1. Restricting attention to helices (runs of 4 or more DSSP H) lying wholly within segment 376-462, give those where 3 or more residues are of a type outside the set (A, V, I, L, M), modelled with pLDDT under 80 and farther than 20 Å from W319 by Cα.
2. Just to confirm my filter: which helices (runs of 4 or more DSSP H) fall fully inside segment 26-128 and include at least 2 residues that are aliphatic (A, V, I, L, M) and in the same structural domain as V173 (by TED's automatic domain parsing)?
3. Determine if segment 359-374 includes at least one residue that is among the aromatic types (F, W, Y) and over 30 Å from L76 (Cα atoms).
4. Looking at (1) outside any helix (DSSP H, G or I); (2) buried (at least 24 other Cβ atoms within 10 Å of the Cβ), which one does K250 not meet, given that it meets all the others?
5. In segment 319-355, how many residues are outside any helix (DSSP H, G or I), of a type in the set (S, T, Y) and crowded, with 18+ Cβ neighbours inside 10 Å?
6. Would you confirm whether or not segment 8-22 contains a residue that is modelled with pLDDT of 80 or more and outside any helix (DSSP H, G or I)?
7. Pick from A297, A273: which is in a helix (DSSP H, G or I) and modelled with pLDDT of 85 or more?
8. Specify which of the listed residues (V92, V44) is among the β-branched types (V, I, T), touching a residue at least 40 places away in the same chain (Cβ under 8 Å) and in contact with a helix residue (DSSP H, G or I) (Cβ under 6 Å, 6 or more places away or on another chain).
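The values are calculated or read from the model by the stated rules, or taken from the named source; none is laboratory data. Everything numeric here is computed off the predicted structure, so don't read it as measured data. Here the Cβ positions follow ideal geometry from the backbone for every residue, glycine too, while neighbour counts run over all protein chains shown.
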Amino acid sequence: MTDGLPLPRRYIAIAAISAGTALTIIDGGIATVALPTIARDLRVDSSSVVAVVTVYQLMLAMLLLPFAGLGDRIGLKRMYQGGQLIFVAATVLCFFAKSLPFLLVVRAFQAIGAAAALSVSSALIRSVYPAKQLGRGLGINSVVVSSSAALAPTLGGLILGVAPWPWVFASAVPFGIVSLLLGRALPYIKPASEPFDVFGAVLCAAMFGLVIGGAESAVHGDSPVVSAAIVGVGALVGWYFVRRERGEAKPILPIDLLNRPVLALSAVGAYTAFIASMTLLLSTPFRLQQSFGFTAAEVGAAIAPWPLTNMVVAPLSGWLSDRYPAGVLGGIGMGVSITALMLIAFMPVEPSYFDVAWRMALCGAGFGLFLPPNARLIIGSAPRERAAAAGGLVSTVRLVGQTTGATLVAALLALGAGSGRVPPLVAAGLALVAGLCSLARLRPSIRNPQAEEADDVQPAPVR
């Protein structure tokens, strides 16, 4: 059994995973800045164009857990590289998008590729690093995620200043090419011998798709009755799916992990935190442009302090989580975020760039202090044989939360309340829920910090 990859192959594999992560993070987040421009060029209203973000997040939420199970059966390396190839090919099609429906189809194919890659990235990271360096590896991955998120709005604003909006999506393609070229160094992990639960995967995708899609149709559709019926069918599918999963040894939906109170609280806290962050980030470009007269480039520069701060705070909070309970760090982080969100809601009548930037930086610091320790607690609390499922849970909660936030912003925009103070005030309320969930984990009856956060996950055999 090999404990991680040998040097220098390990560095090449790290670069391949980092480039692949950057590809999906940049192309997933860069669309936010381009939404007003896309709406104008394609002659659609603001609430409709939010679907460019929503369909991407929806497909990811539907496919992450099923693809994680499929990756175990066909090979993690094959799944990861196949996803990158699909993503790059779909991105090229953005240049042929002359209507919103076609662009949404392209974004759906991008999401399929991204889901295939992201579903197995955590398992690959565990196999690349030696067990004693796993925390360092997760910290490096957090930096890649934060720096990519920081680059996305600024890069998007700069591109929109000199080129048509399809180039915004194409800007991440070089990362995909690099990931594919370096992917030979990724570890080979022997596929599992158990058959893939196809019916369970379909039920999982249908549950997320119907519930989230039905909620989205309520924003854009003409029939609330039909939308409610779609959500209702999704809930019935989910009820049957959960009952069926209880009889599985390794369920696609990790309900065995969610039965533990500390993990359930962590998942709920992360869900509300991601809704809050997406609500603010997605509504801010509309507020800055429509209410304060910022240009697209200025919007990108004003939002950038959030992920830039995260790039510093997230690794630091991961290091602190080795020494202090995640409940304490999360409570402090959400306290900072609530303060920042209130300051954002009540900005001056004519804010300068600095007025927006420092508030966004403070808010990003709060979420950066909350999210990494929360994710570490989920992964570290899972039994060794369910570590991959815990990683899938973290990713799915993030994406479902972000999709819910995008749907919420679309609803607020449709109601005429999406470009003012309402979104940051709603986000503050959601952050309060996340903070309470985090503090509740400090109760001795719910968790023992040292026992629950012990990371006993060992890398899988690689060659």
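1. Result: 387-414.
2. Fully inside segment 26-128 and qualifying: 31-42, 51-74, 76-92, 100-128.
3. Checked against the condition, which is being among the aromatic types (F, W, Y) and over 30 Å from L76 (Cα atoms), segment 359-374 yields at least one hit.
4. Every listed condition holds for K250 apart from (2).
5. Final tally of qualifying residues: 1.
6. Scanning segment 8-22 turns up at least one residue that is modelled with pLDDT of 80 or more and outside any helix (DSSP H, G or I).
7. A273
8. When all the criteria are applied, what remains is V44.
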